[in-house]
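Undergrad: Let me begin by handing over the structure; questions about it come next.
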Amino acid sequence: MKNASFDQFKGSADYVTSEPLRNAVNVSIALGRPLLIRGEPGTGKTMLARSIAKALEKKLITWHVKSTTKAQEGLYLYDTVQRLNDSRFGDKDVADIKHYIKLGKLGRAFTAPEQVVLLIDEVDKADIEFPNDLLNELDEMSFHIPETNETITAIHRPVTVITSNAEKELPDAFLRRCIFHYIEFPDAKLMEEIVGVHFPDLKPGLLKEALKVFYSLREIEEFRKKPSTSELIDWIRALMAGGISHDDIAKEVPFMGTLLKKETDYDYFVNNYMTRVGDTLVIRRR
Amino acid sequence: MFTDFFYVLRKHKVPVSITEWMTLMEALAGGHINNMDEFYFLARAILVKSETHYDHYDVAFQEYFKGIETPDEITEQVLEWLQSPMRNRELLSPEEQALFDKMDLEELMKELEKRLGEQTGQHDGGHHWVGRGGTSPFGHSGYHPGGIRIGGQSGGRSAIKIAQERRFQNYRDDLTLDVRQMKMALRGLRQLNRTGPEDELDLEETIDATAGNAGEIELVWERSRKNTVKVLLLMDVGGSMSPFARLCSQLFSAAHSSSHFKDFRYYYFHNCIYDDVYQDMERQEKVSTDLLLRTLEPDYKLLLVGDAAMAPSELMERYGAINYYQRNESPGVVWMKRIAEHFTHSVWMNPEEPRLWGQPSVRLIGKLFPMFPLTLEGLGQAVKRLVVKSG
C-alpha cells in the first residue's frame, strides 16, 4: 500500500513521462529534496517542471541560470545604488533598508504563501562554485539577510527541479543532496506517444515514416548536432502544413532544414546521402 | 543482508555516500517503494548521481541480486529480510530525529559502523539502524502496512532483467574518451582573476567615494573576473608512445580547441626531456628547454603526456639520450627535476594502464610529477590537482 500523498505526479496531458521519471519526481516531492534532471538537449528537461506545476496545480517560479549568475541573486538583491540615489532627495524612507531588499527567485519561492514549483534551469551554466553556494539554502530552505537581520524561511518547501546539460561537473556535496534522473532519448514507441500529444490527429502512416527517417538520421554519427525531439515536432508540423504524402518523406526528406540546423550537417547529408534527379534531391539508394 | 548492497555498490565504484544511503532508507521507511522494479529505479535515482555510473549500478545490482530472476524469488529474498523480527523497534522522537539529521558525516559513519557491528553480532537487531524515520520499511506487514509489499504486482519485466540489459554501458566514463569529453574535463582548469574592461560596480568604493563627495553619487567600477589559466602541454611522441598516438592527439585537440585558456603552448619530446624540446611531432624544430623555463612563468599549468617507459640510463646518465646525436650534458632526470621545480602546478598523464607502472623509470618520474592515467577519470583528477592552490 502506498501513501496516498505519494503518487502526486502522474504526468500531465501535454507531457509524456516514463514510469521511472514519475517515480523519481514523486520521491523527490515526498522527501523534500531537489530533483536533478540531466539528459540530451530536447528531451524535455525544462518542460518537466512546467508539467509538474500543471499537474499539481502549483505556481511555477523559473530561475534561468546564466554564466554570470551568482547564487546571491537567487536569494535577494540589496539595491544600494537606488538607496543612495533616493537619499539625495529625501522623498523616500531611506532609513528602512527593507525597501531596498528585493527577493530573488529562491527568496520568492520561499516566501510564497502556497507551495510552488521552483525550476533552476541549466544550473551548470554558472560558475563552478554556484551549486555549492546554494547547498545550505536548498538543504535548510532558509537564508539570512544580514542587512535587515532577517531570516527568510520557506513557508512551504518548494518542489525543486534542477536541470543540467552536464557542461560542467557538479560538486559532489551538491549531488549528494539531490535525487537524480537521467532522461534517455525517447525510443520510437515513447516518441510516438509524445508526438501524439502534440498532434492528436496525425495520420499513423505519416508518423511511422517520419519516425523512421528521424531515427535513421540520428544514427549518423558525423552530425555535429543530432536532430532532437523539438526538431522532430517542428518537422512534422511542416510536413502536415505542406501536405506531404508519406511516400515522399523517406524519398526526399522534405523540409530538411527543420531537422538539420547546422549548415555543415546539412551539407554533409546532402553530399553523402542524396543525389539529384531532375530538379529534386532524393535519397540515394544504397 | 541488505546493507551489503551499499558495499557492493562501493565495490563497483559507484560513489555512494552515507547521506544518500540514509535518503534511500528514508524513502523505504516512507513506504514509497512497492516492488522490485520501483526499488531498482528509485535506488538508482537516490544513490547514483551521474549517467556515467548507471552501468556500474547495473552491474552491482546484478551481482547483489544475482540468481534472482523471477518475481517469486525476489519475493523470497524480500521475505528473508522481513523474517527476522525486530525487537529494538524503538521509535525516535522528533527531537532525536532532528539530532540525527544534524550529525555530520563522520559521526554518521561512526554511528553506522557501530550499528553495523551490532548487526553481525545480533542478527535480528540488524534492521534497527535503518529505522531512522521512526518506522522501518522492513516491518512485518502487521506493523508497517506501508512497507514493502510482498507478492505485490510486478511490472512488465523484473528489475534484474533491466539491469542485465546494461543500456548505459556506453555512458561509462572510465572506458571511452572522446575529444568533447576531454574538453569537458579540461573545463575544470580555470582560475578567475579580474581582467578586462571595468564593468562591475565596486560597492565599497562607490559608497566611500559618494560619502567623500558629500552624498553626490559617484560610481566606481572594477574589472570583472576572467579565466587566466595558461597551459603548457609537453607530449612524448614516437617509439613506445605510437600505440597511444590517437589518444594523445585527442587530448591535444581537446586542449587546443578549448578557447577558455589565456594561453596554450605545446611541445614534443621523445622518451625524456633534455636540452631541447620540439615544436613539431617530427622533432625537427628545436626550442631549448632552458629558454622555455626562462620565458614561461611558473604559473603555467604543466601537463606532461608520456608512458615514462625508458631505460634507466636514458634518465640517469650523461649522454643517455636514446638519440645518440643528442649528447646531453646533464642526465634527463636533472632536466625533469628542473621542470618540476619551475612549474608550481604540474601533472603527468600516462596512457598506460596503472597496473603497468612498475618500471623503475615510471616510478622515478612518478616521484617528480603526480601521475594520472590518461582516462577521463584520470584527466578529471589531474585537472583537480592542477587547480589546487599549493602545487
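The values are calculated or read from the model by the stated rules, or taken from the named source; none is laboratory data. As the structure is a computational prediction, the values presented were derived from the model and not from experiment. For neighbour counting, all protein chains shown are included, and Cβ atoms are generated from backbone atoms with ideal geometry for every residue, glycine included. In case anyone asks, the SASA skips ligands and DNA or RNA and just uses the protein heavy atoms, side chains included. Shrake-Rupley method; radii C 1.70, N 1.55, O 1.52, S 1.80 Å.
Undergrad: How many of the residues in the stretch A:167-193 are in a helix (DSSP H, G or I) and in contact with a Pro (Cβ under 6 Å, 6 or more places away or on another chain)?
TA: Of the residues in that region, 1 qualify.
Undergrad: Regarding the stretch B:31-40, can at least one residue be identified that is within 10 Å of chain A (Cβ to nearest Cβ), in a loop (DSSP other than H, G, I, E, B), farther than 24 Å from A:SER18 by Cα and open to solvent by less than 10 Å² (accessible area, probe 1.4 Å)?
TA: Looking for residues that are within 10 Å of chain A (Cβ to nearest Cβ), in a loop (DSSP other than H, G, I, E, B), farther than 24 Å from A:SER18 by Cα and open to solvent by less than 10 Å² (accessible area, probe 1.4 Å), one finds none in the stretch B:31-40, hence no.
Undergrad: Cβ-Cβ below 6 Å, separation at least six or inter-chain, first residue in the stretch B:13-31 and on the phi < 0 side of the Ramachandran plot, second outside any helix (DSSP H, G or I) and surrounded by fewer than 22 Cβ atoms within 10 Å (Cβ to Cβ): which pairs?
TA: B:ALA29/B:THR135
Undergrad: Also, I was wondering about something else. Across the stretch A:119-146, which residue is surrounded by the fewest Cβ atoms within 10 Å (Cβ to Cβ) among those that are within 19 Å of the chain's Cα centre (by Cα) and away from chain B (no Cβ under 14 Å)?
TA: A:ASP121
Undergrad: Does A:PHE174 count as within 23 Å of A:GLY39 (Cα to Cα), open to solvent by less than 30 Å² (accessible area, probe 1.4 Å) and in contact with a strand residue (DSSP E or B) (Cβ under 6 Å, 6 or more places away or on another chain)?
TA: For A:PHE174, the condition - within 23 Å of A:GLY39 (Cα to Cα), open to solvent by less than 30 Å² (accessible area, probe 1.4 Å) and in contact with a strand residue (DSSP E or B) (Cβ under 6 Å, 6 or more places away or on another chain) - is not met.
Undergrad: Quick test of your reading of the structure: A:VAL65 fulfils all but one of (1) open to solvent by less than 20 Å² (accessible area, probe 1.4 Å); (2) more than 14 Å from every other protein chain (Cβ to nearest Cβ); (3) over 24 Å from A:GLU129 (Cβ atoms). Name the failing condition by number.
TA: (3)
Undergrad: What number of residues within the stretch A:72-86 satisfy the criterion of being outside any loop (DSSP other than H, G, I, E, B) and open to solvent by less than 60 Å² (accessible area, probe 1.4 Å)?
TA: Here the count works out to 9.
Undergrad: Return the only residue of B:SER259, B:SER253, B:SER240 being at pLDDT 75 or above and closer than 26 Å to B:VAL347 by Cα.
TA: B:SER240
Undergrad: Which of the residues that make up the stretch A:83-99 are free of Cβ contacts under 8 Å to residues at least 24 places away in the same chain and within 34 Å of the chain's Cα centre (by Cα)?
TA: Within the stretch A:83-99, just A:HIS99 meets the criteria.
Undergrad: Considering only the stretch B:354-383, state which residues are more than 14 Å from chain A (Cβ to nearest Cβ) and closer than 20 Å to B:THR344 by Cβ.
TA: Selection gives B:ILE365, B:GLY366, B:LYS367, B:LEU368, B:PHE369, B:PRO370, B:MET371, B:PHE372.
One line per residue, one yes/no per condition, for (1) away from chain A (no Cβ under 14 Å); (2) modelled with pLDDT of 80 or more; (3) under 29 Å from A:THR163 (Cβ atoms); (4) not in a loop (DSSP other than H, G, I, E, B):
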{"residue": "B:TYR7", "(1), (2), (3), (4)": "yes, yes, no, yes"}
{"residue": "B:LEU24", "(1), (2), (3), (4)": "no, yes, yes, yes"}
{"residue": "B:ALA43", "(1), (2), (3), (4)": "no, yes, yes, yes"}
{"residue": "B:ARG87", "(1), (2), (3), (4)": "yes, no, no, no"}
{"residue": "B:LEU99", "(1), (2), (3), (4)": "yes, no, no, yes"}
{"residue": "B:GLU107", "(1), (2), (3), (4)": "yes, no, no, yes"}
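Undergrad: Just give me the residues in the stretch B:203-236 being open to solvent by 30 Å² or more (accessible area, probe 1.4 Å) and in contact with a Pro (Cβ under 9 Å, 6 or more places away or on another chain), in sequence order.
TA: Answer for the stretch B:203-236, where residues must be open to solvent by 30 Å² or more (accessible area, probe 1.4 Å) and in contact with a Pro (Cβ under 9 Å, 6 or more places away or on another chain): B:TRP221, B:ARG223.
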